[in-house]
Amino acid sequence: MTVRAGTVYLVGAGPGDPGLMTVRGLELLQRADVVLHDRLVEPALLEAARLSARLIDVGKTAYGAATSQSTINAALVRHALEGSVVVRLKGGDPLIFGRGWEEREACVSAGVPCEIVPGVTSAIAGPTAAGIPVTLRGTASSVLIAAAPVLSADTLRGAALADTAVFLMGVRGLRDLAHAMMKAGRDPASPAAIVERATLPGERVVRARLDAIADVAEAAAIASPAVVVVGDTTALAPARSGALAGRRIVVTRPRHAALALCDSLRALGADVIHAPLIRISLVDASTHPLVGRTPDFDWIVFTSRHGVRGFRRALETNRLDLRRLAGTRIAAIGPITARELEAWGIVPDLCPEPARAEALVNALCAATARPRRVLFPCGTLAHDVIPVALQAAGVSVECLPVYQTAPLPLDARARNAIREGVDAILLASPSAATALAQDGVDPGDAAIVCIGATTADAAAACRLRHIRVAAVHSDRGLVDSTLDAIRPAGVG
């Protein structure tokens, strides 16, 4: 299928996890000139858009501020008539409680071509992610899907009769919803469940009888987005097993970098609490004078995947490619940074062990091609260990800020969990260690598992205790060190 300028594409973003978006949807997002997106679209998914694309938040907050539908319709038409490839990125599927048909009609009425790209709806993906089958031979052969804020008497009767009833947007009025279902004939003892943040880090599931589910949800501080499921299959909770079964682990990485790590921990049975302590955003460095001077440097040093991504975008926005780096050597700290470079087609000339700043500086100074001028794509809060050490060795270093790091406070759920007691808190950067200490919550006896020595040094400087350092600077290293830190002695 082709991508045509002056066309609106109504694209389903799926239930949350960026990996659950369709291939066609991702292709369009990567080629769009303008992206109008919902509130529930994960920021990590928006990173797939071109740096030059215009991103417009037209989200609607339940019972809060909202962009009017007429305003959205007009914006879609206007940008398309200006000749742009327009993607309207909608959570779930565009035509399931998403007003996608209204937006299509507005485009058709204005003579604007419009294509609908289906998405995975959270009404099905939410229960599935929690291990709840909405159908099951011999138990459930009918499913009703409804939007909870407005339910007719007929819909409630259908929900009482269906084997499985799934409700979107049902958290705020959950108590009224449960009472209405019971009044319509649903057994108060019917098993019920709520899946919060389905398919995303921080996913939680609570279960109870229909007549108690509102109390349980309130006690657990369940919040939107969440899917409510009622029916016998909700009682089929898969038993937890694995080396971390019953353990509570806090992951502090930004959302876009936490998915694989959270999945690995959950596969070992852990109860994962996702609490980002920093927010990473790429900076538009395309106009920085250093971008056009890359041939002036004999080495470029990368210390994170964000530095690679930000530098790559700066080059590509200036219509520069890898040929610009011909003759320039590349150094990287850690396998994650190296893999990001390899995905760009670059094999680092230097990737020292251990993966820390001091080892990189020593390796550079001992290299046969000793650097004279070094370019350092970095974050706005980058530690100055590398530039200072290299400059002390007589090397000229220029810093190019390509991403921004901002601290985030722990949310109430994560703070309460830490106060109640968690087994481990995972830190993947010095900035995260600093943010945790500044937040003021006492980690107690939790193991502070750090991805590398530099992060561990920052944690120690912040007077955090029970510090462990991953033997390998990677997600696997964090998981292995977590296992070593909290697994009972003698358990293999």
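Quick notes
- Accessible heavy-atom area order of Tyr403, Tyr9, highest first, probe of 1.4 Å: Tyr403, Tyr9
- Think of region 27-165 as having a plus end and a minus end, set by charges on the Cβ of Lys, Arg, Asp and Glu; of Gly131, Ser152, Val87, Ser152 sits farthest toward the positive end of this dipole.
- Accessible-area composition of the chain, carbon plus sulfur, in percent [1.4 Å probe]: 52
- 10 Å-binned pair-distance histogram of region 399-445 (Cα, whole percent): 23, 51, 17, 8, 0
- 1.4 Å probe accessible area per residue over the chain, in Å²: 44
- Histogrammed with a bin width of 5 Å, the alpha carbon distances of region 375-489 distribute as 2, 11, 18, 19, 19, 14, 8, 5, 3, 1, 0 percent, first bin at zero.
- Å³ per residue enclosed by the Cα convex hull of region 175-312: 150
- Scattering profile of region 94-226 at q = 0.10, 0.19, 0.22 Å⁻¹ [log10 I(q)/I(0), Debye over alpha-carbon scatterers]: -0.37, -1.11, -1.40
- With all protein chains modelled, accessible area of Val205 [1.4 Å, Å²]: 50
- For the peptides 409-417, 227-235, the ranking by mean Cβ contacts within 10 Å, running from highest to lowest, is 227-235, 409-417.
- Taking 0.36 nm per residue of separation and subtracting the current Cα-Cα distance, fully stretching the chain between Arg175 and Glu316 would add 45.5 nm.
- An ellipsoid equivalent to region 250-331, defined through the eigenvalues of its Cα gyration tensor, has semi-axes of 35, 14, 10 Å when rounded to whole angstrom and sorted largest first.
- For region 1-126, convex hull of alpha carbons as volume per residue, Å³: 96
- In the chain, the inverse of the mean reciprocal separation of distinct Cα atoms equals 24.9 Å; this is its Kirkwood hydrodynamic radius.
- Of the peptides 285-293, 418-426, the order by per-residue mean of other Cβ atoms within 10 Å, starting with the highest, comes out as 418-426, 285-293.
- Region 309-356, Cα convex hull volume normalised per residue, Å³: 72
- Orphan Cys of the chain, criterion: no other Cys C-beta under 4.7 Å: Cys262, Cys351, Cys365, Cys378, Cys399, Cys450, Cys462
- The equivalent ellipsoid that matches the C-alpha gyration tensor of region 276-377 spans semi-axes of 21, 18, 12 angstrom, in descending order.
- Heavy atoms of Glu353: accessible area, 1.4 Å probe, square angstrom to 10: 140
The values are calculated or read from the model by the stated rules, or taken from the named source; none is laboratory data. This structure is a prediction, so every number in the text was calculated from the model and none was measured. Cβ: placed from backbone, ideal geometry, glycine included. Neighbour counts: every protein chain shown. Areas reflect the complete protein model, heavy atoms only, side chains present, ligands, DNA and RNA absent. Shrake-Rupley method; radii C 1.70, N 1.55, O 1.52, S 1.80 Å.
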